[in-house]
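The values are calculated or read from the model by the stated rules, or taken from the named source; none is laboratory data. Just so it is clear, the structure is predicted and the values come from calculations on it, not from any experiment. Using ideal geometry, Cβ is built from the backbone for each residue, glycine included, and neighbour counts are taken over all protein chains shown.
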């Protein structure tokens, strides 16, 4: 190993918060270096997807979808085109949206190698959306024709109203493999007025196609540069769900929110689901949108349901607050990094003072935190900003891909010399981290290929494997007042909340006097005992007392 830094994990075209790693510090991923263990993860994902599907897929339908997917008939729509449709929908440009949908449906059909046996295709996704938008152009209620045998059996010759699709799509009832809560989403980027880095990432978008997004700042470290939600747009089923929910909110916000609230209420009654994440993908597109959602959140609160989320729509929140808006007590807000407002210290300070604000949730490049630790925070920030500027200059230049890669490598070698001189142990830890991540990804690619060949299913491997190792590395380089995200929601250490830690410790010791002096109620005590029994874990993002900043690694 030379004195420079290993070639980066970083700066991919559509990054995800799922990557990172650690070699010398920890190796939680080694058991996954075999097909059997990887298939267990895939089985878990398939179970989650089955629960989301209503009605559930039959085995015959699953086999048909598998056969279709493995026949290479699946078409991937360019990301900027997929976002443009949603942007036009956000701005209620129904005619333009319908026209673009028809073009994309035709384009997708021309690139499919065979007609699918079952499942949703991009041909169908855009044909359905076009029908909805064409109804709106005519001033009619949005509806479409049944698109498959299942829909034809249910509806016959009757059209399907948009609100039936909204009801069916509105919640991922079991979250996902990392998130054990009900979750609501809309299209990313174009529903996010606070998204940073939009101009740098999506120069093709402009005008109404931008939706609620603003492209006035070119910031390569903005969230558009690493938005993990963009990867979901490769899947037509997920893509359609996001379109439907974005459309419903544009057509009638009050009815749309009421539909989601009704669905969540039923889920709470039937399955005891008490937590909902409002926006996994997407964000509050306006102050009016926030107001509509908060009315729904307040209604859920009356039923004992807690709602939490992350947002970059800071001016929209502050405009409501300054008008004297009363926030529901059951809503918890995390302040997302990557916002185009993130460098506005005054605005950030005001957001932190909101009664619903918990703290910041910050996506970090482990290299930046390494620089902070090796030198000082202020100097590390300056060095990292200069590094990003040079990487951006290389990316936007006219040189070849090989020359750009060589240029980035040379920059990292110079950083490596600096860090090596300042703190050799940290330099060694980081190089081990990067090398291990590369090994995981290489091995993971091999495992992925074998899984796909065997069962024809896409999978997140090696995402969760690498993500778990990011936690270990960030634990070693985190800054003051920060706690790394352990990836699996609800697995945060209870020690991150001092008061909670005291209650848990007292519960373990059955120290009645201490508990009484802390004015602990029976409900809090029961929660503390439960936390102690399972190792004291808590869900920091949904805990208003956890004011620490939570960090997660991006690549």
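Restricting segment 297-310 to residues that are touching a strand residue (DSSP E or B) at 6+ places or on another chain (Cβ under 9 Å) and surrounded by fewer than 22 Cβ atoms within 10 Å (Cβ to Cβ) leaves a set whose member that is nearest to residue 358 (Cα to Cα) is 310. Of the residues in segment 376-387, not one is within 21 Å of the chain's Cα centre (by Cα) and part of a loop (DSSP other than H, G, I, E, B). Could you list all residues from segment 139-163 that are farther than 14 Å from residue 252 by Cα and assigned to a helix (DSSP H, G or I)? Answer for segment 139-163, where residues must be farther than 14 Å from residue 252 by Cα and assigned to a helix (DSSP H, G or I): 149, 150, 151, 152, 153, 154, 155. Figure legend. Inter-residue proximity from segment 199-210: first residues on the phi > 0 side of the Ramachandran plot and in contact (Cβ under 8 Å) with a residue 40 or more places away in the chain, second residues assigned to a helix (DSSP H, G or I) and surrounded by fewer than 17 Cβ atoms within 10 Å (Cβ to Cβ), beta-carbon distance below 6 Å, spacing 6+ or different chains. No pairs are indicated.
When residues in segment 197-225 are screened for being touching a strand residue (DSSP E or B) at 6+ places or on another chain (Cβ under 6 Å) and modelled with pLDDT under 90, 2 of them pass. Residues that are touching a residue at least 12 places away in the same chain (Cβ under 8 Å) and within 29 Å of residue 364 (Cα to Cα): which helices (runs of 4 or more DSSP H) entirely in segment 235-343 hold 1 or more of them? Result: 236-251, 287-301, 314-322. The residues of segment 164-179 that are more than 16 Å from residue 231 (Cα to Cα), part of a loop (DSSP other than H, G, I, E, B) and either at pLDDT 90 or above or touching a strand residue (DSSP E or B) at 6+ places or on another chain (Cβ under 8 Å) (or both), listed by number, are 170, 171, 173, 174, 175, 179. If you filter segment 344-357 down to residues that are over 21 Å from the mean Cα position of the chain (by Cα) and in a loop (DSSP other than H, G, I, E, B), you find that the one that is surrounded by the most Cβ atoms within 10 Å (Cβ to Cβ) is 354. Filtering segment 89-110 for residues that are farther than 14 Å from residue 236 by Cβ, touching a helix residue (DSSP H, G or I) at 6+ places or on another chain (Cβ under 9 Å), assigned to a loop (DSSP other than H, G, I, E, B) and at pLDDT below 90 leaves an empty set. Restricting segment 145-163 to residues that are in contact with a helix residue (DSSP H, G or I) (Cβ under 7 Å, 6 or more places away or on another chain) and surrounded by fewer than 21 Cβ atoms within 10 Å (Cβ to Cβ), the residue that is modelled with the lowest pLDDT is 147. Here residue 268 qualifies as within 13 Å of residue 171 (Cβ to Cβ) and modelled with pLDDT under 95.
When every residue of segment 185-192 is checked against the conditions, none turns out to be modelled with pLDDT under 90 and within 25 Å of residue 108 (Cα to Cα).
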